[in-house]
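K.L.:
Sending over a structure as structure tokens; questions will come in a sec.
FYI, it's all coordinate maths here, none of it is from the lab. These numbers were taken from a predicted model, which means no experiment stands behind them. Glycine also receives a Cβ, built like all others from the backbone with ideal geometry; neighbour counts cover every protein chain displayed.
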Amino acid sequence: MSKYRSAIIGCGSRAYGHANAYQLISRGELVACANRSDTARREKFAETFGVTGYANAEEMLRTEKPDLVHLITMPDQWRELMPMVSELGVPACLVEKPIACGVEDWRLLCELEARTATKFGVGKQYRWHPGLISCREVVQSGKLGKIQFLDFSCGMNLSAQGTHIIDWAMSLNNDSPIVRVFGTVSGIASLDSTYPAPDASSCQVLFENGVYGFWNTGFTAPRIMDDDAIYKHCRVAAYGASGHIRFEEFGGWKIFSKEKIENHQTTPDEWRENNDLAQARLTEAMFDWIEDDTCPVETNLKLALHQFNAILGIYESAISHKSIDIPFDPPTDLDSQLREVLSRA
């Protein structure tokens, strides 16, 4: 059986996670990479994985004709590269998170999602993490009773980790859409960072199925371990009528039900192994989608845009001090309004 041909655009540190996953993948092979801004970085990546390196992504796509592209540049480049991938007829593309940096990006990608034939997935690989899968199976089994509340938080901001965390929560809630947010934000230091967003946010979320959630990011989020590294404080908990589960990316997972109590602590080596495994499973899910139009990847572009629309709703809520219904049609100047409000605080 012939293998799917894959290529990577962007050769930074996260690209290694995508590429390492191919050691666990049987249906695909990595054949090329592109990185225009750093020749040494591109050459090192190409040598490490035995692939052809290109300075120009368009040239790579036209020459190699990959079935799947991993797009792993900085998020401010999506608006240029995703339409190019679509126009060149690439069957599938896996894009790193966050999917947008602001209103203009979000609108452009909504238009792209509506017209493209390319199957865009988003790199929220933790849906395929063994620990989160175990927690989800318990939730879906009904052993905790009806889920009543979701609590999810992260040490980094809405753009850096917040979109990851909302995806964890939605995966535990059968992907029931968000219908309302009521939130507040604080801090301007990271508005001009690689992952632009307020420094912190706190938000009450209502899902379509009636479940409520609390979404907390940045310095207001709880610290889950004795470690100053802010990226390590990622967690989600689901509370039912007769028990609850808690999953922490770096800490492990716990299940409390009438039947049993399970407690698993994650080691650093296990974290790396599970991250590669989750990435491999996400990549395989993209291959499944290529083969069958009726099997879209769970972390598809349409869902990611819905999740980012909720973030825009949080911004509007922080400005107006009102709850915001989702879907939300944001004003063009929402980003500048937010900056102005935060600068006055």
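K.L.:
Quick one: compute the contact order of segment 215-280, relative version, from alpha carbon pairs under 8 angstrom and 6+ residues apart, as a percent.
P.N.:
Working: 73 pairs, mean separation 12.2, N = 66.
Taking the mean separation of contacting Cα pairs over the length of segment 215-280, I get 18 percent.
K.L.:
Now for a separate question. Evaluate 2.2 N^0.38 Å with N set to the residue count of the chain, then give the Cα radius of gyration divided by it.
P.N.:
0.98
K.L.:
For the chain, what does the relative contact order come out to in percent, with C-alpha contacts under 8 Å and a separation of six or more? Walk me through the intermediate numbers first.
P.N.:
Numbers: 726 pairs, mean separation 63.3, N = 345.
In percent, rounded to a whole number, it is 18.
K.L.:
To continue, here is another question. Please give the Cα centre distance for segment 182-219 versus segment 1-38, rounded to the nearest Å.
P.N.:
32
K.L.:
Right, here's the next one. For segment 228-345, list log₁₀ I(q)/I(0) at each q in 0.09, 0.15, 0.20 Å⁻¹, using the Debye formula over Cα point scatterers of equal strength and ignoring solvent, two decimals each.
P.N.:
Debye output, listed in q order: -0.46, -1.06, -1.09.
K.L.:
Could you please rank Arg180, Arg62, Arg223, placing first whichever residue has the fewest other Cβ atoms within 10 Å of its Cβ?
P.N.:
Details: Arg180 18, Arg62 10, Arg223 14.
Lowest count first: Arg62, Arg223, Arg180.
K.L.:
Considering only Leu132, Leu24, Leu71, give the residue with the highest GNM mean-square fluctuation for the chain, with springs between Cα atoms whenever their separation is below 10 Å.
P.N.:
Leu24
K.L.:
Sticking with this one: At a Cα cut-off below 20 Å, give the lysines reachable from Lys143, other chains included and same-chain residues fewer than 8 away excluded.
P.N.:
Lys254, Lys258, Lys260
K.L.:
Expressed as a whole percent, how much of the Cα-Cα distance distribution for segment 127-266 exceeds 23 Å?
P.N.:
Details: 3187 of 9730 pairs.
Tail of P(r) above 23 Å: 33 percent of Cα pairs.
K.L.:
Could you sort 297-304, 188-195, 206-213 so that the peptide with the highest average Cβ count within 10 Å comes first and the rest follow in order?
P.N.:
Working: 297-304: 21.1, 188-195: 13.9, 206-213: 17.0.
Packing order, densest peptide first, comes out as 297-304, 206-213, 188-195.
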